[in-house]
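Taking it in order: structure first as structure tokens, then the write-up.
The values are calculated or read from the model by the stated rules, or taken from the named source; none is laboratory data. Since the structure is predicted, the reported quantities are computational estimates derived from the model, not experimental observations. Cβ coordinates were reconstructed from backbone atoms using ideal geometry, including for glycine residues, and neighbour counts include every protein chain displayed. These accessible areas exclude ligands, DNA and RNA; they are computed on the full protein's heavy atoms, side chains included. Shrake-Rupley method; radii C 1.70, N 1.55, O 1.52, S 1.80 Å.
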Amino acid sequence: MGNELDTRLAGLIDRQAIADCLARFCRGMDRFDRDAYLSAFHADAEIAAGPFVGSAADCWDWAMPLHDQAQSLTHHVLLQSSIDVDGDTAHGETYYQFIGRNRDDSVIMAGGRYIDRFERRDGAWRITLRVNVIEWSVMPPAVAIPFADVPDIAANGVSARGREDPSYQRPLVNRRARQRPDAAL
């Protein structure tokens with residue numbers, strides 16, 4: 001029973017490390033954090049995404065100016081994953097949705113799957129091959145950002161592509177005064 005439990009626990013730890021790797025990719029893309037993005041890939045990794053085929057670093061150099069020029073923000077949203085671990089190699093299929101608020105305030109959405117091969121090297125799981133299968137896209141009408149008119153809404157920071165984003169704040173603190181909108185009713 002002990003060995004079976006140890007094996008199952010190791011599998012859970014491996015899958016969590018791979019999920020963390022996938023999340024670093026998304027965070028790096030959305031926050032324009034090159035280090036976080038590259039930390040999801042081994043140095044010799046290859047990516048095939050749309051018209052691009054090459055290294056992770058070259059993909060960054062190609063994609064980030066496009067995102068910066070076209071969108072004021074992006075969200076790379078991960079959905080369900082299927083991960084098969086076999087020793088120090090794993091294969092994964094992760095559904096995703098991409099949402100971008102374009103500079104003209106239009107919105108683009110796309111979805112598909114990341115098909116990845118991961119390897120554990122020196123104890124770290126990272127992507128060695130990524131095939132991006134894009135399956136749909138749409139441009140829904142844009143609407144105003146909810147609560148943008150609240151006077152102190154930006155006191156805790158605003159969404160930013162870089163380390164000035166509130167998600168990098170340590171320790172995280174609240175700078176907004178307590179308020180309950182229905183208290184005046």
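Some notes on this structure:
- Subset of the stretch 95-110 (residues that are among the aromatic types (Phe, Trp, Tyr) and closer than 10 Å to Thr74 by Cα): Phe98
- Residues of the stretch 129-185 classified as part of a loop (DSSP other than H, G, I, E, B) and open to solvent by 60 Å² or more (accessible area, probe 1.4 Å), total: 27
- For the stretch 107-123, residues that are open to solvent by 30 Å² or more (accessible area, probe 1.4 Å), farther than 19 Å from Gly50 by Cα and free of Cβ contacts under 8 Å to residues at least 40 places away in the same chain total 2.
- Answer residue from the stretch 45-67, given it is under 16 Å from the mean Cα position of the chain (by Cα) and in contact (Cβ under 8 Å) with a residue 60 or more places away in the chain and is farthest from Arg24 (Cα to Cα) among those: Ala49
- Ser39 vs. criteria closer than 18 Å to Ile134 by Cβ and modelled with pLDDT of 95 or more: no
- Listing of strands (runs of 3 or more DSSP E) fully contained in the stretch 30-91 that carry 1 or more residues being among the aromatic types (Phe, Trp, Tyr) and crowded, with 18+ Cβ neighbours inside 10 Å: 41-49
- Residue within the stretch 110-125 that is at pLDDT below 95 and over 14 Å from the mean Cα position of the chain (by Cα) present: no
- If you go through the stretch 113-141 and pick out every residue that is at negative phi and of a type in the set (Gly, Ala, Ser), you end up with 2.
- Test: Leu9 is at pLDDT below 95 and loosely packed, with under 15 Cβ neighbours inside 10 Å: yes
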